[in-house]
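Below is one structure, written out as structure tokens, with a few remarks after it.
The values are calculated or read from the model by the stated rules, or taken from the named source; none is laboratory data. The model shown is predicted, which means the values in this text are computed figures rather than measured ones. Note: ideal-geometry Cβ built from the backbone for every residue, glycine included; neighbour counts use all protein chains shown.
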Amino acid sequence: MSEPMGDAELMLRVQEGQLACFDELVCRYRVPLTRVALSKTGDAGRAEDIVQETFLAVYASRQSFNPKFAFRTWLWTILLNLCRRDYRKRSRTPRVLPHTTVNATASETYSTPVSLETGLTHVLQVEQGELVAKLLNELPEVQADAIRLRFYGALTYREIAEAMKSSEIGAKVRVKKGLQNLAERLRTESGETK
Amino acid sequence: MNCDQAFDAMTNATGSENAELQYHLEGCPRCREMREVLAPALDLFASSGSHTADPDWSTSGATSFSQPMFLSKDAIRIANEAAKDCAMESYAPPRHVALPKERSPRRQTGLRYLVGLCLIAVSVGLGAWGWASSKNAATQPTAFQAGECLWTARQSAEAKPAQDAESNSQQIVLSCVACHLKTPSVK
């Protein structure tokens, strides 16, 4: 069984004009990129737009890719910068709290029949997702971004450091402090509800 | 697994339940304490399915990039700048290392002599230290294995003679302070 091609090799082929290789890169990274963008913007439509624009920007500037640096780092850096640009653009409008559905009512979301158990699990996951997104938005941006890249993007600490222009230890400290803040908020909230 | 690797495993997007981590946590009270402090946040990420669940809209068939695509010049600029930054990062020395200034050939020769003298002095010193330490080899404390949990290492060190224990304890304290310097205490 042959090993899957590496990102750098795929990009080199894209540079040579093999468009199918770009599809492979899109398939690899679309979901994690969207998770992070969704968590940052709180709006699925905008998240999708940002991810699309990220891939288009990568394709348009494909000749500037150099295999001496990691494709992943480049991709995540672009996504984070586009998210920041989007936030600046929309900072005048009130920020909508994250919703993990796209302008869809419950009936639209469940377009196919689902069992009660699956539906309940789904609802609970959506609620938890909304809570996570709300709490992340209350953290300092660098801590929240580091956590998003770690948990939604599944990046290593070295990759987080490269994408966020920090040291590896700095990336770990950001994640740790962010998680500590989140944990404290959760403890406080659960204490208040009791 | 050491404490640093334990933190990596604890904050792994694919889940923090692995046997090696559990074994480490059993023997390392500092990491266990850290796990307890972070537990509510880590459990929240685990229960929200951060790693496994696709964004909801993907299940409604909206992910096929069927909408009209747009690309601003700004996005291309961002991509090009990011590529430049990444390339510079891959070539640049670490940030804490200052780039060498250009020096005159005469000064460079002087510096070379100075560096040579320093190297000789260091090697003589190391040789003397090696000779002295070889005499005391039998009484030297056991060095810790790289990647070994310091807490676990202490437990094994405690089984050794008392003369080893003092120097081992000092090493453990220093290493733990370095590793856990930023770990806050649980309220």
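Selection of the range A:40-63 for residues being at the interface with chain B (Cβ under 9 Å from one of its Cβ atoms) and among the hydroxyl-bearing types (Ser, Thr, Tyr) yields A:Thr54, A:Tyr59, A:Ser61. If you filter the range A:5-46 down to residues that are among the polar types (S, T, N, Q) and surrounded by 19 or more Cβ atoms within 10 Å (Cβ to Cβ), you find that the one that is nearest to B:Ala79 (Cα to Cα) is A:Thr34.
Among the residues of the range B:17-40, is any without any contact (Cβ under 8 Å) to a residue 24 or more places away in the chain, crowded, with 16+ Cβ neighbours inside 10 Å and outside any helix (DSSP H, G or I)? No, that holds for no residue. Residues that are more than 8 Å from chain B (Cβ to nearest Cβ), outside any helix (DSSP H, G or I) and at pLDDT 90 or above do occur in the range A:140-151, at least one of them.
Applying the selection to the range A:47-69, what residues are within 21 Å of A:Met164 (Cβ to Cβ) and surrounded by 20 or more Cβ atoms within 10 Å (Cβ to Cβ)? Across the range A:47-69, the qualifying residues are A:Ala47, A:Ile50, A:Val51, A:Glu53, A:Thr54, A:Phe55, A:Ala57, A:Val58, A:Ser61, A:Phe65, A:Phe69. For the range A:152-167, the tally of residues that are part of a helix (DSSP H, G or I), touching a residue at least 60 places away in the same chain (Cβ under 8 Å) and at the interface with chain B (Cβ under 10 Å from one of its Cβ atoms) stands at 2. The set of residues in the range B:2-16 that are within 12 Å of chain A (Cβ to nearest Cβ), surrounded by 14 or more Cβ atoms within 10 Å (Cβ to Cβ) and polar (S, T, N, Q) comprises B:Gln5, B:Thr11, B:Asn12, B:Ser16. When the range A:177-190 is filtered for residues that are more than 7 Å from chain B (Cβ to nearest Cβ) and closer than 13 Å to B:Thr11 by Cα, the ones remaining, listed by number, are A:Lys177, A:Gly178.
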